[in-house]
1. Of 11, 131, 25, whose Cα points farthest to the positive end of the dipole of the stretch 6-133 (charges on the beta-carbon: +1 Lys, Arg; -1 Asp, Glu; origin at the Cα centre)?
2. Within a Cβ distance under 12 Å of residue 341, other residues only, what is the Lys/Arg minus Asp/Glu net charge?
3. Hey, what angle do you get for helix 340-353 against the long axis of the chain, alpha-carbon based, 0 to 90 degrees rounded to 10?
4. Using 28 Å as the Cα-Cα cut-off, could you pick out the over-long pairs in 329/374; 45/220; 158/374; 187/329?
5. Note down the relative contact order for the stretch 6-133 as a percent, whole number, built from C-alpha pairs under 8 angstrom at least six residues apart.
6. For the residues 337, 90, what sequence is obtained by ranking on other C-beta atoms within 10 Å, fewest first?
7. Would you please put 190-202, 227-239 in order of how densely packed they are, using the mean number of other Cβ atoms within 10 angstrom per residue and starting with the highest?
8. With an 8 Å cut-off on Cα pairs and a minimum separation of 6 or more residues, tell me the relative contact order of the chain in percent.
Amino acid sequence: MDGINFHDISLRVNPQRDLISPVYNYERAPAEILADVDSAGLSAKEKMILKFLAYGGPMTHEQAGDAGLRDTGLIKWLEKIGLIVCIRRHGERSYFLNHLSLVSHNLNWMSQTRVEEAEKNILYFFIDLPVGFQMGHRRRRATSQLHQTSYILLQYLKLFSRTGALKGPLAVDWGCGSGIQAISLIKLCPEIEQVIGVDVDPHCLWLFNINAALNQCGPKCRPVVNDPAGKNVLNAMAGRQIHLAVSNPPFNAIPPVCEPLNSDYGNGGPLGIRHLKHFIEQSVPHLAAGGTISCYCTLARLNTGDYALVRDCLTDEFCRTYGITFSAKIMDIPDLHLSADLYAKRLADLVAKTGDGPSNPGNPLTSEIAAYFKSSGIERFVPVILTVTRNARRL
Ligand SMILES: C[S@@+](CC[C@H](N)C(=O)[O-])C[C@H]1O[C@@H](n2cnc3c(N)ncnc32)[C@H](O)[C@@H]1O
């Protein structure tokens, strides 16, 4: 993005975002977020660029010229691949990013890195604009998003890469979404020759493709639509073993009462581990000796002190059969350690606020969800990074 320091502009509105906070705080209304942009001390040009690229605002043909955007490779590229929508009204042309938002992330973990190196490690991603920011009648559900957990897994992978343990040549990102983990892995580990990004949502995979090209690693990224039997992934693996599998799977524990309201993005089944279990079962048999799986998940802790994950996903027999060991590192992130009641409230609020469900005040879902957790013996939820390693020899 010649001449425009978009990363710097967007960080000035939300300095925390480069670490582990999400791009959009879904608990705040779009108007509040835009008010932050207005009061962030940006120049008029910077504000316009940020509103256009990150928050779905309009940009006239003249403004694009004034901002120097019309002549950059970015705008030409966006036009060429149809990401920009152009609306003509009263003889004036206005551009919109097609319900998308551009976000950035700095992969460097050392603040004193030289400026030119820092620039090289900034990733740019298109994700979906939240419904609340979208304009016109064709607003669509945002399936490709980034969440706090996306950044938690990414931070973990960055630290992991420092140990030299991120190994190639074949990596798989289960539930890759728009590709944040897959693309970062390629940047963090030069040994990786290919990352297979697996998702059920073709729209996410379309964005993964675009994002891979945007970050100049298209040839190393292979988007694959997951099918229930996992055949597409097996075909893409072409008999090779996996050296590294990562996943930030849909992890919300979704009781049957709100299941129809939730999207593929977050629905992890009643205990939150439906996809985790599926991903582990699909990848472990193909893991190379010494290969690892790193997943973010939210574990339900039962009244018995038991963690549902251990019982359901990684039984002793499963570990013995495949010669694997695992560890679950509980993350010290206080706002993600939730009692079942608070989790129920957050879930009901999320359903209401994302525009996917009813938004009546005093949402009755809260009590229904809490009652479900109680009857299932769930006491609380904790955030975890789960690491599974395949031993060189079978146990
Ligand atoms: C929590 S998002 C993670 C996205 C991205 N990897 C990140 O870290 O931000 C979970 C992703 O899993 C995908 N997903 C849901 N069910 C799936 C399935 N059965 N197979 C593959 N991907 C699935 C969703 O479409 C979504 O993109």
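1. Comparing the listed Cα positions along the dipole, 131 ranks first.
2. Values: positive: 345, 346, 374, 380; negative: 379.
Charge balance in the 12 Å sphere: +3.
3. Tilt of helix 340-353: around 30 degrees.
4. Details: 329/374 25 Å; 45/220 36 Å; 158/374 37 Å; 187/329 25 Å.
Violating the 28 Å limit, Cα to Cα: 45/220; 158/374.
5. Details: 132 pairs, mean separation 31.8, N = 128.
Contact order relative to length: 25 percent.
6. Details: 337 17, 90 4.
Placing the least packed residue first, the sequence is 90, 337.
7. On the way: 190-202: 19.3, 227-239: 12.8.
For the peptides 190-202, 227-239, the packing ranking is 190-202, 227-239.
8. Details: 687 pairs, mean separation 49.4, N = 395.
Averaging sequence separation for qualifying contacts and normalising by length gives 13 percent for the chain.
Where a number appears in this text, it was derived from the coordinates with a stated rule and is not lab data. This one's a predicted model, so the numbers in the text were calculated from it and none came from an experiment. Glycine also receives a Cβ, built like all others from the backbone with ideal geometry; neighbour counts cover every protein chain displayed.
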